[in-house]
Amino acid sequence: MKVTAIRILKDNYVWALIDEEKKTALIIDPGEAQPVIDFLQQHHLHLLAILVTHHHWDHTNGIEAIKRQFPVPVYGPANENITGLTHPLSETESITIEGFPASIAILDIPGHTSGHIAYYLQGKLFCGDTLFAAGCGRLFEGTATEMKDSLQKIMSLPDETEIYCAHEYTVNNLRFAQLVEKDNAAITERIKQVNELRHQNKPSLPSTLKEEKETNPFLRCELATVKSSVEKHAGEKFDNSVEVFKALRKWKDSF
């Protein structure tokens, strides 16, 4: 399986999962139709299905136009209202799509939205707007506890898991991460690597879960260095890592 980023809107990625031998594909989070249709046609790919992580418009607006040209099933979260959805999913399920060579596990990861899900297959996690490279999504519908629990669930996956999020936010996220942990050498090194990729107009993704554990402050709220930095910024002490996470997210919102 090959994974390719289709760039849409300002900084979104639609992920195309491609079986190069059979010339078939799945697409994830099509917030815009025409770039996806053009990509499929240019590469002579037969679309098998559309997968959606959550209901926000920049992940769903292309569904109807794509379906008019490619009448395929649409998989997505059971607990969210998504126009065109044909196969509602929850964590108790894994799916097999006819013609695609892998079973796909479903993870419930609420926080950014109330019903957000992720897709996990062949060591790759497609996590929408929950976990970003060096960051996490805003809390639009869920609570800090829900989001932290969702990130904890992701952290239980193997360290070599490849993280495919839906936005190119990495440069800004790393700047914030360095503000939180000024002495974290892994963040400094990652900034160099990501800047080089972006200067070449290449995606900064995927990252690995190991990288995220080393450089993503939202996965490091239990650490004394992160707790101290957040407390200093907030001007108050926190009793547990959820409180640290909540204050860290508030800090990032104003960054």
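The values are calculated or read from the model by the stated rules, or taken from the named source; none is laboratory data. In this text the structure is predicted, and so the values were computed from the model without any measurement. Here the Cβ positions follow ideal geometry from the backbone for every residue, glycine too, while neighbour counts run over all protein chains shown.
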Of the conditions (1) more than 15 Å from Ala166 (Cβ to Cβ); (2) in contact with a helix residue (DSSP H, G or I) (Cβ under 8 Å, 6 or more places away or on another chain); (3) hydrophobic (A, V, I, L, M, F, W, C), Ala49 clears all except one; give me its number. (2)
Which of (1) surrounded by fewer than 17 Cβ atoms within 10 Å (Cβ to Cβ); (2) closer than 23 Å to Ser254 by Cα is the odd one out, the single condition Val180 does not satisfy? (1)
Within segment 176-208, which residues are over 24 Å from Thr225 (Cα atoms) and either in the same structural domain as Ile8 (by TED's automatic domain parsing) or in contact with a helix residue (DSSP H, G or I) (Cβ under 8 Å, 6 or more places away or on another chain) (or both)? Asn195, Arg198, Pro203, Ser204, Leu205
Which condition breaks for Leu125 when tested against (1) modelled with pLDDT of 95 or more; (2) out of contact with any helix residue (DSSP H, G or I) (no Cβ under 9 Å at 6 or more places or on another chain); (3) under 17 Å from Lys2 (Cα atoms)? (2)
Out of the helices (runs of 4 or more DSSP H) lying entirely within segment 165-255, which hold 3 or more residues that are more than 14 Å from Ala133 (Cα to Cα)? 185-199, 224-234, 241-253
How many of the residues in segment 208-241 are among the acidic types (Asp, Glu) and surrounded by 14 or more Cβ atoms within 10 Å (Cβ to Cβ)? 4
Is it the case that segment 6-24 has a residue that's on the phi > 0 side of the Ramachandran plot and aliphatic (A, V, I, L, M)? yes
Filtered residues of segment 96-127 (kept if under 23 Å from Glu20 (Cβ atoms), among the β-branched types (Val, Ile, Thr) and within 19 Å of the chain's Cα centre (by Cα)): Ile104
Looking at this structure, is Glu189 in contact (Cβ under 8 Å) with a residue 12 or more places away in the chain and either surrounded by fewer than 19 Cβ atoms within 10 Å (Cβ to Cβ) or not aliphatic (A, V, I, L, M) (or both)? no
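For (1) of a type in the set (Phe, Trp, Tyr); (2) touching a residue at least 24 places away in the same chain (Cβ under 8 Å); (3) surrounded by 23 or more Cβ atoms within 10 Å (Cβ to Cβ), each residue gets a yes or a no:
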| site | (1), (2), (3) |
| --- | --- |
| Tyr75 | yes, yes, yes |
| Pro101 | no, yes, no |
| Lys124 | no, yes, no |
| Thr130 | no, yes, yes |
| Ala133 | no, yes, yes |
| Met147 | no, yes, yes |
Any residue that is under 15 Å from Trp251 (Cβ atoms) and within 17 Å of the chain's Cα centre (by Cα) - is there at least one of those in segment 165-173? yes
Failed criterion for Tyr120 (all others in (1) over 12 Å from Glu212 (Cβ atoms); (2) not in a strand (DSSP E or B) hold): (2)
